[in-house]
Amino acid sequence: MPPRYTFRDGRLRSRPLRLLNRVGRSLAAVGVAWPSLWPDSIVAAARKRAGENDMGSDSYREPLERYLQAAREEAELTSFGRLATRGMLISALANRIALAGWAREHPEIREERIERPWVIVGLPRTGTSVLSILLGLDPNSRSLLQWEAAHPIPPPTLATASGDPRIAKHARELATLARLTPAMAAMYPFGATLAQECVALHLYDVRTLGVETQAYVPSYGRWLQKCDMAPAYAQHRLALQSLQSAQPTGHWVLKTPNHLWCLETLRSFYPDARILWTHRDPGTVVSSLASLVNTAQALFSDRRDPKPAADEWRGKARHAIDSGMAFDASHAGGWCHHIRYADFMRDEIASVRSIYAHFDEEVSPLHERRMRAWLRDRPQHGLGRHVYDPADFGWSYEELAEDFRGYRERYEIPRE
């Protein structure tokens, strides 16, 4: 019987790191906030790591400042949380510098065409991970891998990719995270060579929903929902162009719910994108998401009340759905293919066939054989099972059903 995890299992278990946090609280009591979460310090560290100074532009600066202010004032980060946040941002900006330098030295990569990518825009917990894996099994398609998003430059080549030492490096990084919080490993599919949310590429401009999973930063979240996302998509496209230049790619398989509230920007960068919107009962989705986010944030914060973060992410789901529905209402049918979770899980291969048919294509025999092999051999809750209850956050399934009733009725989404 695999272990069962809830958001309450996300607390830090490492004794040395708990000691670090106690030291940090002692320093904070005398007015010393360590380590630094000020923009200039993080930018300087990123430039030192990259060995260069050129960021390509200063578009990252405002979102960095807003996020760090929110992290300092709202997130109640522990010393370990501050270290992790600082490390995340240094790595992202160092990747940005490396990407800008690579593009400067290899200007031809900007001529790479990202043609007809598959873009999955559904909320988390709606089958997006399985769908992205199945689409990526098409020999003509390619998923963005977790290690590639974390260590993109130099782009791995066909000759070197399988033995690239960055794979093992990222596997060790993920193994460390899994040891610190086994609950997260049961709730989210971590693996260096597994498909990654392409929102990780938006991190290079610090305009991403992803950074909100690590810290409770509501003021940054409100800004993100209204900001111009074009600079983040510019980094996103340049990273894909760089990776594709070293490994010729037919079609990328991309996914993140962040796309739902900036569909116009997404389509301006990828006008021929094949967009897939997965739908599932929001009661289940939002409850699971609230548990997942509280589990992630518990590793880095002294906050104990799960309701504020849960309410914040319920609002994010509401905003994403409302934005997607508004776009759908104002555009002719066919701009995306809608997929109900219940239908997809009943017959995944038939669902993939219907996706291809929607875009006037057919699943190849080899692709179907690969999908059947993966579905036959995939692990089932090997690291544990994620359990959640809306009552943990002061909600009920009936309340959530009423809150999202218009969405469920419009797309004929069954309740679970």
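The values are calculated or read from the model by the stated rules, or taken from the named source; none is laboratory data. Keep in mind it's a predicted model, so treat the numbers as computed, not measured. As a convention, Cβ positions derive from the backbone with ideal geometry for all residues, glycine included, and neighbour counts pool all protein chains shown. We work out accessible area using only protein heavy atoms, side chains counted, and drop any ligands, DNA or RNA first. Shrake-Rupley method; radii C 1.70, N 1.55, O 1.52, S 1.80 Å.
Sorted largest first by accessible area at a 1.4 angstrom probe radius, with every protein chain in place, the residues Asp228, Asp328 fall in the order Asp228, Asp328.
Annotation: amide H of Ser143 within the under-5 Å range of Val253, sequence separation 5 or more or interchain, hydrogens built in the peptide plane. Run the reach check for Lys307 against aspartates and glutamates, Cα to Cα strictly under 14 Å, same-chain hits fewer than 8 apart removed. What comes back? Leaving aside aspartates and glutamates fewer than 8 places away in the same chain, those within reach of Lys307 are Asp389, Asp392. For segment 142-220, the per residue solvent-accessible surface stands at 35 Å², with DNA, RNA and ligands left out and a 1.4 Å probe.
Rounded, prolate or oblate: pick one for segment 105-177, where a ≥ b ≥ c are the square roots of the eigenvalues of its C-alpha gyration tensor, a/c under 1.5 means rounded, and failing that, prolate if a/b is larger than b/c, else oblate. Judged from the Cα gyration tensor, segment 105-177 comes out oblate (a/c at least 1.5, b/c at or above a/b). Applying both filters, DSSP loop and at most 14 other Cβ atoms within 10 Å, to the trypsin sites (Lys or Arg not before Pro) of segment 291-380 gives Arg304. With all protein chains kept in place, the per residue accessible area of segment 288-416 amounts to 50 square angstrom at a probe of 1.4 angstrom. Between Ser41 and Ala178, the distance separating the two model label sites (each 7 Å from Cα on the Cα→Cβ line) works out to 3.3 nm. Which loop trypsin sites (Lys or Arg not before Pro) in segment 62-138, with loop taken from DSSP, have no more than 15 other Cβ atoms within 10 angstrom of their Cβ? Sites meeting the loop and neighbour criteria: Arg113. In a reduced charge model with +1 at each Lys and Arg Cβ and -1 at each Asp and Glu Cβ, segment 86-134 shows a dipole moment near 300 debye about its Cα centre. Ignoring ligands, DNA and RNA, what percent of the accessible area of the chain is carbon or sulfur (1.4 Å)? It is 52 percent, rounded to a whole number.
Using only the Cα atoms of segment 67-108, build the gyration tensor, take square roots of its eigenvalues as a ≥ b ≥ c, and label the shape rounded, prolate or oblate: rounded if a/c is under 1.5, else prolate if a/b is larger than b/c, else oblate. Prolate is the answer for segment 67-108, as a/c is 1.5 or above and a/b outweighs b/c. Dipole size of the chain about its Cα centre, with +1 on Lys/Arg Cβ and -1 on Asp/Glu Cβ: approximately 1500 debye, rounded to the nearest 20.
A simple spin-label model places the labels of Glu264 and Arg304 4.6 nm from each other, with each point 7 Å out along Cα-to-Cβ.
If I compute Cα extents along the principal axes in Å from the structure I just sent, which labelled value in (i) 81, 59, 37; (ii) 65, 56, 44; (iii) 77, 53, 42 lines up? Computed from the coordinates, Cα extents along the principal axes in Å corresponds to (ii). With the highest mean first, a sort of the peptides 269-278, 34-43 on other beta-carbon atoms found within 10 angstrom per residue produces 269-278, 34-43. With a ≥ b ≥ c the root eigenvalues of the C-alpha gyration tensor of segment 302-353, is it rounded (a/c under 1.5), prolate (a/b larger than b/c) or oblate? Note, shape of segment 302-353 comes out oblate. If you plug the beta carbon distance of Gln247 and Arg415 into 1/(1 + (r/R0)^6) with R0 = 51 Å, you get a FRET efficiency near 0.75. Cα-Cα over 23 Å: which of Lys255/Lys316; Lys48/Lys169; Lys48/Lys226? Lys48/Lys226, as the Cα separations exceed 23 Å there.
Candidates Pro117, Leu243, Leu260 compared by Cα position along the dipole of the chain: farthest toward the positive end lies Leu243, with charges placed on Cβ.
Placing a label point 7 Å from the Cα of Val30 along the Cα-to-Cβ line, the residues of segment 77-97 whose backbone N sits under 19 Å from it are 79-80.
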